[in-house]
Amino acid sequence: ARKEFDSHVSNVHDLKSLEELRLKFLSRKGIIQNFFEEFKKLSTDEKRKVGKILNEFKIYSQSVFEELKEKLEAQKKKSESFVDITLPGRVRQIGSKHLITQTLDEIKSIFKGLGFSVYEGPEVESDYNNFEALNFPEDHPARDMQDTFFINDKFLLRTHTSPVQIRLMSQKKPPIRAIMPGKVFRNEAISAKSYCLFHQVEGLYVDKDVTFAELKGTLVSFIKQYFGHDVKYRFRTSFFPFTEPSAEMDVWWQPKGKEGRWLEVLGCGMVDPNVLKNVGIDPEEYVGYAFGMGIERTAMRKYGIDDIRILFDSDLRFLNQF
Ligand code: PHE
């Protein structure tokens, strides 16, 4: 029986054959139990001889069984954690930068190349910084032009990034040369052309002898780097309370298959002396230029997008294209 048991043991390679071994030898109806049944029938003399051998065999076979069981279970565990490197990988979906963020990054890097640093201000702004210090007289209809979201009578959601000019000039002595990107808010009717929220990049350069020609040169250099050297652009005279003289810059926009037209991309001008006075800079000593551009329009022109709302929709079919 011992020989038979050992030869069975050598055939056990997995948990299934181990179970077969247990059934055959160690179970209630197995060979060993059978021996004990037979043992009862023997005479006392014979019992004395066989008993010891039988007990030893039982203990021996049980310990072999336990040992095998432990070994095979460990093996099984190991094989289950095996990594099959030949399986095709699972592709993990990762996000990407929104088109507006990409555009802002690109604009920042162009202006960094032109010697501008980057400065940011808050989206909730005081009426003073957003309007008054920028030379919008109180009760002037120009305030209505900007369709403001008021928070109370002192604070509002900024309608442009120009108040960041005020913050910067109040904190720092010239020379100042910085761009100021961020979100702005206007209570306008939502359409393909306008949304209640959009982004601007403000620019400011204040020093002893800054000229309008430098302003033009900087903006032309920017527009060519951003849209390509063959971009068609023009300057038009305009009005802003905080710049004098003021201008707007347009670029030619021709969506595929549609009629082309001029698209306004930015406002600009020489910083009004009243603004400099408001921040404690002497307009006899310093001059400055400023500009502010709408980011959505710029991006729409570049990528041929004709509805601004798609930029705020979070539609993956759109987002995945960039
Ligand atoms: N803040 C103006 C606007 O929102 C743009 C501008 C900025 C114009 C700086 C001139 C100088 O339309």
Only one of (1) open to solvent by 80 Å² or more (accessible area, probe 1.4 Å); (2) touching a residue at least 40 places away in the same chain (Cβ under 8 Å) fails for residue 138. Which number is that? (2)
Would you mind telling me which numbered condition in (1) without any contact (Cβ under 8 Å) to a residue 40 or more places away in the chain; (2) over 30 Å from residue 318 (Cα atoms); (3) open to solvent by 20 Å² or more (accessible area, probe 1.4 Å) residue 112 fails? (2)
Say we look at region 189-205 and pick out the residues that are surrounded by 15 or more Cβ atoms within 10 Å (Cβ to Cβ) and of a type in the set (Ser, Thr, Tyr); which of these is farthest from the chain's Cα centre (by Cα)? 205
Just checking, which of 232, 183, 208 is open to solvent by 70 Å² or more (accessible area, probe 1.4 Å), farther than 18 Å from residue 148 by Cα and touching a residue at least 24 places away in the same chain (Cβ under 8 Å)? 208
Of the residues 224, 277, 302, which single one is open to solvent by 40 Å² or more (accessible area, probe 1.4 Å), out of contact with any Pro (no Cβ under 9 Å at 6 or more places or on another chain), outside any loop (DSSP other than H, G, I, E, B) and at pLDDT 90 or above? 224
So in region 235-274, with the set limited to residues that are within 11 Å of the ligand (Cβ to nearest atom) and within 24 Å of residue 303 (Cβ to Cβ), which one is most open to solvent (accessible area, probe 1.4 Å)? 264
Looking at (1) more than 23 Å from residue 278 (Cα to Cα); (2) basic (Lys, Arg); (3) outside any helix (DSSP H, G or I); (4) out of contact with any His (no Cβ under 7 Å at 6 or more places or on another chain), find the lone condition where residue 173 falls short. (1)
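The values are calculated or read from the model by the stated rules, or taken from the named source; none is laboratory data. None of these values were measured; they are calculated from a predicted model. Using ideal geometry, Cβ is built from the backbone for each residue, glycine included, and neighbour counts are taken over all protein chains shown. Heavy atoms of the whole protein, side chains included, go into the accessibility calculation; ligands, DNA and RNA do not. Shrake-Rupley method; radii C 1.70, N 1.55, O 1.52, S 1.80 Å.
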